[in-house]
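Step one of this worksheet: look at the structure below.
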Amino acid sequence: MLLFYVIFIFGMAVNAAKRIRQMLERKVDPEQVAVLVELAVGLQLGRPFDLRRLCRLDPEYFELGVDLMRDWRFNYHIAARSKLFEDILARDHGLQSRMCHLGSAAAH
């Protein structure tokens, strides 16, 4: 935890999307990370996200969510955000099928 803040303060932190991907890979605190994943999906797809869920997270996860929103707002780290979304899709088959369904509905 202390290392997280030291890295953050000195600006050597990995961007938010990459940190979330690393947490997914390491299976770190799945309940907290699931909220961040849902935030990323909402940002990527332009869907609403209830910010109250973000406010219920532990402080370091909350800050990571804020960092993710900041990156999205200012179009930072686009490649890392794309990779995160690819990883989310690879893990969430339900989201994959919903997106395929949206694509087929748009084709009609």
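Overview of values
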{"quantity": "Boolean, ARG98 is basic (Lys, Arg), more than 20 Å from ASN15 (Cβ to Cβ) and either in contact with a helix residue (DSSP H, G or I) (Cβ under 7 Å, 6 or more places away or on another chain) or at pLDDT below 85 (or both)", "calculated": "yes"}
{"quantity": "Failed condition for VAL33, given (1) assigned to a helix (DSSP H, G or I); (2) surrounded by fewer than 13 Cβ atoms within 10 Å (Cβ to Cβ); (3) not aromatic (Phe, Trp, Tyr)", "calculated": "(2)"}
{"quantity": "Segment 50-66, residues that are of a type outside the set (D, E, K, R), surrounded by fewer than 17 Cβ atoms within 10 Å (Cβ to Cβ) and more than 13 Å from the chain's Cα centre (by Cα)", "calculated": "LEU51, CYS55, PRO59"}
{"quantity": "Test for ARG52: is it touching a helix residue (DSSP H, G or I) at 6+ places or on another chain (Cβ under 9 Å), of a type in the set (D, E, K, R) and in a helix (DSSP H, G or I)", "calculated": "no"}
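Here's the yes/no breakdown for (1) part of a helix (DSSP H, G or I); (2) modelled with pLDDT of 90 or more; (3) surrounded by fewer than 12 Cβ atoms within 10 Å (Cβ to Cβ); (4) not small (Gly, Ala, Ser):
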{"position": "ALA17", "(1), (2), (3), (4)": "yes, yes, no, no"}
{"position": "LEU39", "(1), (2), (3), (4)": "yes, yes, no, yes"}
{"position": "PRO48", "(1), (2), (3), (4)": "no, yes, yes, yes"}
{"position": "LEU68", "(1), (2), (3), (4)": "yes, yes, no, yes"}
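The values are calculated or read from the model by the stated rules, or taken from the named source; none is laboratory data. Note that this is a predicted model, so its numbers are computed, not measured. Reconstructed Cβ throughout: ideal geometry from the backbone, glycine too, with neighbour counts over all protein chains shown.
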